[in-house]
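The values are calculated or read from the model by the stated rules, or taken from the named source; none is laboratory data. If you're wondering where the values come from, they're calculated on a predicted model, not measured in any experiment. Backbone-built Cβ (ideal geometry, glycine too); neighbour counts: all protein chains shown. What goes into the accessible areas is simple: the full protein's heavy atoms, side chains included, and nothing from ligands, DNA or RNA. Shrake-Rupley method; radii C 1.70, N 1.55, O 1.52, S 1.80 Å.
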Amino acid sequence: MQQATAREELLAGNRRFLAAGMHSHMLHAERVVHTGVFGQSPSVGILSCSDSRVPPEIIFDQGIGEVFGVRDAGNFEDVGATATFEYGVAALGVHTITVLGHTKCGAIDATVSGQQLPGNMPAITAAIAPGLVEFMKSTAASGAKPDLTAASEANARWQAQQLMARSALLRAARASGSLTLLAAIYDVDTGVVRFRD
Ligand SMILES: [Zn+2]
């Protein structure tokens, strides 16, 4: 995948997925052999939700060795995610990072509704809430029911900013033009990806 056309190539992959014309399945065995011998050189990093309905390789029709991924509930940035993408960019040749949110996200719902979660789960909402301050203000001002899709979009953009805020390495790569940062939203009802950066 070329950096200049990564967005279009991901969208083309999403269209193949929607049309049941996926390329990746035919290529898995060949790519296992190739990447086993020559190693990996993924060009795209994706920070996406752990939601089982949103597997990045499938919805973008990507094969073995193509996506360097981090997943957690709510696709939130933390030091582990950022360090992982630094490795992807510095050592593997990742040139495009996409933060992929989705509709009907439980982590977003829990954050917006202020749910009190047990165990370590408050770490999820604590990582999401700061990026939704403006969203919550405008929702409260309008008196409308929170639009969870809009909240997921705001979160994807916010988490992309957090990757840059934490990482001088990623900022330098972006400033030099060797890294593209994207944000997108996946619709769990239709399978359609839309870029929202
Ligand atoms: Zn989710």
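Miscellaneous remarks
- If you go through segment 90-110 and keep only what is in a loop (DSSP other than H, G, I, E, B), away from the ligand (no atom under 15 Å from the Cβ) and either within 23 Å of Ala151 (Cα to Cα) or β-branched (Val, Ile, Thr) (or both), you end up with just Val94.
- Scan of segment 181-195 for residues that are open to solvent by 20 Å² or more (accessible area, probe 1.4 Å) and part of a loop (DSSP other than H, G, I, E, B), ordered by number: Asp187, Val188, Asp189, Thr190, Val192
- Residue pairs whose Cβ atoms lie under 6 Å apart, sitting 6 or more positions apart in sequence or on different chains, and linking a residue in segment 20-32 that is at pLDDT 85 or above to a partner that is part of a helix (DSSP H, G or I), are Met22/Arg16.
- Identity of the residue in segment 41-79, away from the ligand (no atom under 16 Å from the Cβ), open to solvent by less than 40 Å² (accessible area, probe 1.4 Å) and of a type outside the set (A, V, I, L, M, F, W, C), that ends up modelled with the lowest pLDDT: Gly63
- Only one of the listed residues (Arg53, Arg15) is part of a helix (DSSP H, G or I) and out of contact with any Pro (no Cβ under 8 Å at 6 or more places or on another chain). That residue is Arg15.
- Only a single criterion out of (1) within 16 Å of the ligand (Cβ to nearest atom); (2) open to solvent by 50 Å² or more (accessible area, probe 1.4 Å); (3) under 20 Å from Gly93 (Cα atoms) is not satisfied by His34, namely (1).
Listed here are the residues, each with its yes/no results for (1) closer than 21 Å to Glu77 by Cβ; (2) crowded, with 17+ Cβ neighbours inside 10 Å; (3) without any contact (Cβ under 8 Å) to a residue 40 or more places away in the chain.
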residue: Gly106; (1), (2), (3): yes, no, no
residue: Gly131; (1), (2), (3): yes, yes, yes
residue: Gly143; (1), (2), (3): no, no, yes
residue: Arg166; (1), (2), (3): yes, yes, no
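- Selection of segment 125-153 for residues being more than 15 Å from the ligand (Cβ to nearest atom), assigned to a helix (DSSP H, G or I), within 24 Å of the chain's Cα centre (by Cα) and not hydrophobic (A, V, I, L, M, F, W, C) yields Pro130, Glu134.
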